[in-house]
Amino acid sequence: MSVVEGSRLPQVALAFMNEDHARAESLLQRLEAMIANAATDRESREEIGRLLAALYEHCQQHFTHEEREMERVNFPALACHQGEHARVIAQMDQACRQWRAAGDVGHLYEYLSILPDWLRNHVATMDHVTAEFVSRHDEVS
Ligand SMILES: [Fe+2]
Ligand SMILES: [Fe+2]
């Protein structure tokens with residue numbers, strides 16, 4: 001089963017978005033599992049650091065890709081969607097910095113617990129509308 005087939009997230013009209021969302025979901029699940037296992041030993045903490053960095057990098061690249069597509073087709077709600085990406089990536093950057101500085105599992109858990117709902121909601125709303133617009137634009141041009 002591919003990562004996308006195993007995803008519980010709503011599917012949108014562009015394949016690259018579905019693939020990226022499933023990858024983010026998988027990284028989040030791996031992070032949750034590490035934290036749920038009371039990851040206080042050094043190896044687990046290092047793995048959490050690697051997963052967090054991978055999630056951050058993945059989201060940054062994914063957001064940039066979506067924004068490039070929105071620019072290419074002159075998507076009218078680009079600024080709104082881009083603003084939401086900027087807000088979330090700033091929060092994620094802050095969470096990564098806090099983890100590196102203090103390594104507080106409880107704090108990280110609290111931050112991560114809001115992300116699955118955010119991801120599902122973002123995919124179902126802004127990403128859904130964006131993917132429809134981009135795919136229709138490409139169908140007629
Ligand atoms: Fe997305
Ligand atoms: Fe998005």
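A few points about this structure:
- The one condition in (1) without any contact (Cβ under 8 Å) to a residue 24 or more places away in the chain; (2) over 14 Å from the mean Cα position of the chain (by Cα) that I114 fails to fulfil: (2)
- Members of segment 109-141 that are of a type in the set (D, E, K, R), within 16 Å of ligand 1 (Cβ to nearest atom) and loosely packed, with under 13 Cβ neighbours inside 10 Å: D117
This table checks each residue for (1) open to solvent by 70 Å² or more (accessible area, probe 1.4 Å); (2) charged (D, E, K, R); (3) touching a residue at least 24 places away in the same chain (Cβ under 8 Å).
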{"position": "L28", "(1), (2), (3)": "no, no, yes"}
{"position": "A33", "(1), (2), (3)": "no, no, no"}
{"position": "E43", "(1), (2), (3)": "yes, yes, no"}
{"position": "E69", "(1), (2), (3)": "no, yes, yes"}
{"position": "R97", "(1), (2), (3)": "yes, yes, no"}
{"position": "D104", "(1), (2), (3)": "yes, yes, no"}
{"position": "H107", "(1), (2), (3)": "yes, no, no"}
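- Residues satisfying the stated conditions in segment 87-113, i.e. within 16 Å of ligand 2 (Cβ to nearest atom), of a type in the set (V, I, T) and within 24 Å of A36 (Cβ to Cβ): V88
- Among (1) modelled with pLDDT of 95 or more; (2) under 21 Å from N74 (Cβ atoms), the one test that C96 misses: (2)
- Flag for D20 being within 12 Å of ligand 2 (Cβ to nearest atom), over 14 Å from M126 (Cα atoms) and touching a residue at least 24 places away in the same chain (Cβ under 8 Å): yes
The values are calculated or read from the model by the stated rules, or taken from the named source; none is laboratory data. Computed from a prediction, not measured in an experiment: that's the story for all the values here. Reconstructed Cβ throughout: ideal geometry from the backbone, glycine too, with neighbour counts over all protein chains shown. The area values use the complete protein model at the heavy-atom level, side chains included, leaving out ligands, DNA and RNA. Shrake-Rupley method; radii C 1.70, N 1.55, O 1.52, S 1.80 Å.
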